[in-house]
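Trainee: Before we start, here is the structure in question, set down as structure tokens.
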Amino acid sequence: MSAVSRATQLASLGRPESGWANTPIVKGSTYLFDSLGQWRAARAQRDTDRVLSYGARGNETVYALEDAITAIEGGYRSKLFPTGLAAIATTLFACLKSGDHLLISDGVYEPMRLLCETQLAKFGVTCSDFSPTDPYWDRQLRPATKMVYVESPGSLLYDMLDLPALSQVCKQRDILLCADNTWGSGINYQPLNLGCDISVVAATKYLGGHSDVMMGSVTASKACFAQIEQASINLGQTVSAEDAFLVLRGLRTLELRLQRHASSALRLAQWLSTHQAVRSVFHPALQGDANHELWQRDATGSNGLLTIEFDPELASEKIEQAIDELQLFGIGSSWGGYESLVLPVDPARTRLRNSKHHGYLLRLHIGLEDPADLMRDLDVMFDRIT
């Protein structure tokens with residue numbers, strides 16, 4: 001990428017040379033050739049290069065988004081998938097085989113863990129995990145370990161990992177390091193520049209930004225991209241031109257939206273941390289958070305996610321009754337869109353599972369609404385609880 005600012009880059013990434021400000025939606029399953037020789041040449045070339053040959057292999061709209069994501073992630077090339085989980089699954093199937101061991105960080109996206117315990121286990125891949133706070137994590141590596149898969153910051157409690165340190169160990173042992181970078185969205189956090197080989201993003205979240213598209217992306221180094229692309233082809237993974245167009249449109253305002261999400265979330269995190277009904281606030285941009293220093297070192301921004309732990313003395317039933325009365329926060333899965341959302345967090349899915357006395361956990365995604373209005377809505381909730 002050039003020396004201009006990130007916001008300037010996002011305004012034009014993936015723009016076609018045809019003169020249109022927006023990349024057109026190109027639809028089609030069949031690509032026509034002028035001769036058999038041209039057809040044969042394209043089929044031979046597509047094994048190593050990106051060429052137009054068949055709709056399932058992509059088109060101009062899809063290629064434009066791939067190039068844009070590659071630019072913001074700082075990788076060699078990118079592939080698109082119908083969901084974030086499809087991106088994760090294809091990456092694992094591409095890079096692992098029977099007899100291999102996969103080491104994952106505690107706090108990864110829960111469906112990814114389920115994938116490891118079911119499909120990967122059936123194919124003879126063993127999985128185990130390590131704590132992000134364990135300084136001796138490398139003792140969990142085995143001779144058969146072929147990949148370390150992390151999410152940093154992790155889901156739900158946002159624990160960060162020292163990716164450069166992990167990378168150094170992995171490279172010494174010829175182990176791939178793959179990171180789920182949905183939290184960072186390519187512009188707040190760049191795992192590939194921190195030493196990772198592969199970065200996976202659920203474009204459903206901030207890249208799309210408007211809660212109207214499902215998509216995943218994988219950006220990789222040159223050394224391991226080919227096997228991911230081949231697995232994508234073998235498994236018939238493809239995305240529609242319409243969805244690629246929507247994510248490209250979302251990219252244009254990505255930095256602007258993230259700035260608003262992040263500033264509002266930090267404002268609410270600071271306010272919530274002083275509330276008598278709140279025991280803890282988990283948000284790496286919050287000064288005093290256990291991950292704040294690592295966030296300052298490796299990230300360039302934040303987003304709208306935070307999790308609060310209520311006072312353990314407060315009854316869960318009463319808290320949930322109050323949550324149901326929220327007016328500005330929706331109750332729904334996912335995050336990264338313009339609207340604010342809340343969702344209960346199962347402590348068993350977090351490192352607090354080992355705590356004898358923890359409070360009710362609630363994840364908040366702070367949207368683009370006025371933060372003062374959101375605080376008033378939460379205040380009504382707290383009034384019903386305390």
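Trainee: Specify which residue in the list THR90, CYS127, LEU115 is farthest towards the positive end of the charge dipole of the range 78-131, using unit charges on the beta carbon of Lys, Arg (+1) and Asp, Glu (-1), about the Cα centre.
Mentor: Farthest towards the positive pole: THR90.
Trainee: Then there is this: Just checking the chain: which Cys have no other cysteine's beta-carbon under 4.7 Å?
Mentor: CYS95, CYS170, CYS178, CYS196, CYS224
Trainee: Ignoring ligands, DNA and RNA, what percent of the accessible area of the range 69-205 is carbon or sulfur (1.4 Å)?
Mentor: 51 percent
Trainee: Now, a different point. Taking Cα atoms of the chain, Rg/Rh with Kirkwood Rh, to two decimals?
Mentor: 0.99
Trainee: Please figure out what share of the DSSP beta bridges in the chain is antiparallel and state it in percent, rounded to the nearest 5.
Mentor: In the chain, approximately 55 percent of DSSP beta bridges are antiparallel ones.
Trainee: Taking loop as defined by DSSP and a crowding limit of 13 other beta carbons within 10 Å, which GluC sites (Glu not before Pro) in the range 11-100 fit?
Mentor: In loop regions of the range 11-100 (DSSP not H, G, I, E or B), the sparsely surrounded GluC sites (Glu not before Pro) are GLU17.
Trainee: In whole percent, what relative contact order does the chain give with Cα contacts below 8 Å and a gap of six or more residues?
Mentor: With pairs under 8 Å counted, the relative contact order is 17 percent.
Trainee: Antiparallel DSSP bridges in the range 115-255: what percent, to the nearest 5?
Mentor: Within the range 115-255, antiparallel bridges account for around 35 percent of the total.
Trainee: Which Rg and Dmax, in Å, describe the Cα atoms of the range 248-386?
Mentor: 15.0, 47
Trainee: Follow-up. With the Cα gyration tensor of the range 77-135 in hand, give its eigenvalues times 5 under a square root as the equivalent ellipsoid semi-axes, listed largest first in whole angstrom.
Mentor: 19, 16, 11
Trainee: Continuing with this model, one more query. If the viscosity is 1.567 mPa s and the temperature 4 °C, what translational diffusion coefficient in µm²/s does Stokes-Einstein give for the range 43-171 when Rh comes from Kirkwood over Cα pairs?
Mentor: The estimated diffusion coefficient comes to 78 µm²/s.
Trainee: Then there's this: Check which residues have an amide H placed less than 5 Å from THR145's amide H, if you skip close sequence neighbours.
Mentor: HIS101
Trainee: Sequence neighbours fewer than 8 away in the same chain don't count; with that in mind, list the lysines whose C-alpha is under 23 Å from LYS27.
Mentor: Candidates past the 8-residue exclusion: LYS79.
Trainee: Another one. Could you size up the charge dipole of the chain around its Cα centre, putting +1 on the beta carbon of Lys and Arg and -1 on that of Asp and Glu, and report it in debye to the nearest 20?
Mentor: 1200 debye
Trainee: Pop out the Kirkwood hydrodynamic radius of the range 307-386 from its pairwise C-alpha distances, inverse of mean 1/r, in Å to one decimal.
Mentor: Every distinct Cα pair counted, the radius reaches 13.3 Å.
Trainee: Which value, in debye to the nearest 20, gives the size of the charge dipole of the range 217-301 about its Cα centre, when Lys and Arg are +1 and Asp and Glu are -1 at the Cβ?
Mentor: Charge dipole of the range 217-301: 260 debye, to the nearest 20.
Trainee: What nm distance separates the two modelled labels at TYR31 and THR48, each placed 7 Å from Cα along Cα→Cβ?
Mentor: Once both label points are built, they end up 1.7 nm from each other.
Trainee: Something else: Give the accessible surface of the chain per residue, rounded to a whole number of Å², with probe radius 1.4 Å and ligands, DNA and RNA excluded.
Mentor: 45 Å²
Trainee: Hey, another quick one. Once you mark the chymotrypsin sites (Phe, Trp or Tyr not before Pro) that are in a DSSP loop and have at most 11 other Cβ atoms within 10 Å, what is the longest gap between them in the chain?
Mentor: The answer is 137-386.
Trainee: Checking a compactness column here: for the range 1-80, what do you get for Rg(Cα) / (2.2 N^0.38 Å), N being the number of residues?
Mentor: 1.26
Trainee: What dipole magnitude, in Debye to the nearest 20, does the range 180-252 give about its Cα centre under +1 on Lys/Arg Cβ and -1 on Asp/Glu Cβ?
Mentor: Around 180 debye, computed over the range 180-252.
Trainee: So, taking all protein chains as they sit and a 1.4 Å probe, how much accessible area belongs to SER240, in Å² rounded to tens?
Mentor: In the full protein context, SER240 sits at about 40 Å².
Trainee: In straight Cα distance, which aspartates and glutamates are under 19 Å from LYS122, not counting same-chain residues fewer than 8 positions off?
Mentor: Straight-distance partners of LYS122: ASP100, GLU110.
Trainee: Let me ask another. Relative to a virtual label point 7 Å from the Cα of SER333 in the Cα→beta-carbon direction, which members of the range 71-85 show backbone nitrogen distances below 19 Å?
Mentor: It comes to 81-85, nothing else.
Trainee: Same structure, new question: For every other residue with a beta carbon closer than 12 angstrom to the beta carbon of THR90, add +1 if it is Lys or Arg and -1 if Asp or Glu, then tell me the sum.
Mentor: After counting each charged neighbour, the total is 0.
Trainee: At a 1.4 Å probe radius, carbon and sulfur cover how many percent of the accessible area of the range 262-384?
Mentor: Summing carbon and sulfur atoms, their accessible area is 45 percent of the total for the range 262-384.
Trainee: Using a 1.4 angstrom probe with every protein chain in place, what is the largest-first accessible-area order of VAL169, VAL380, VAL200?
Mentor: Ranked list, largest accessible area first: VAL380, VAL169, VAL200.
Trainee: What's the ranking of 258-267, 226-235 by average number of surrounding C-beta atoms within 10 Å, highest first?
Mentor: In descending order of packing, they fall as 258-267, 226-235.
Trainee: While we're on this one: Given a cut-off of under 8 Å on Cα pairs at least six residues apart, what relative contact order in percent is computed for the range 304-381?
Mentor: Normalised by residue count, the contact order of the range 304-381 is 44 percent.
Trainee: Sticking with this one: For all pairs of alpha-carbon atoms in the range 189-238, what percent lies in each bin of width 5 Å, listed from the first bin to the last filled one?
Mentor: 5, 18, 22, 21, 20, 12, 2
The values are calculated or read from the model by the stated rules, or taken from the named source; none is laboratory data. The model shown is predicted, which means the values in this text are computed figures rather than measured ones. With ideal geometry, Cβ positions are generated from the backbone for all residues, glycine too; neighbour counts draw on all protein chains shown. Please note that ligands, DNA and RNA were not included when accessible areas were found on the heavy atoms of the full protein model with its side chains. Shrake-Rupley method; radii C 1.70, N 1.55, O 1.52, S 1.80 Å.
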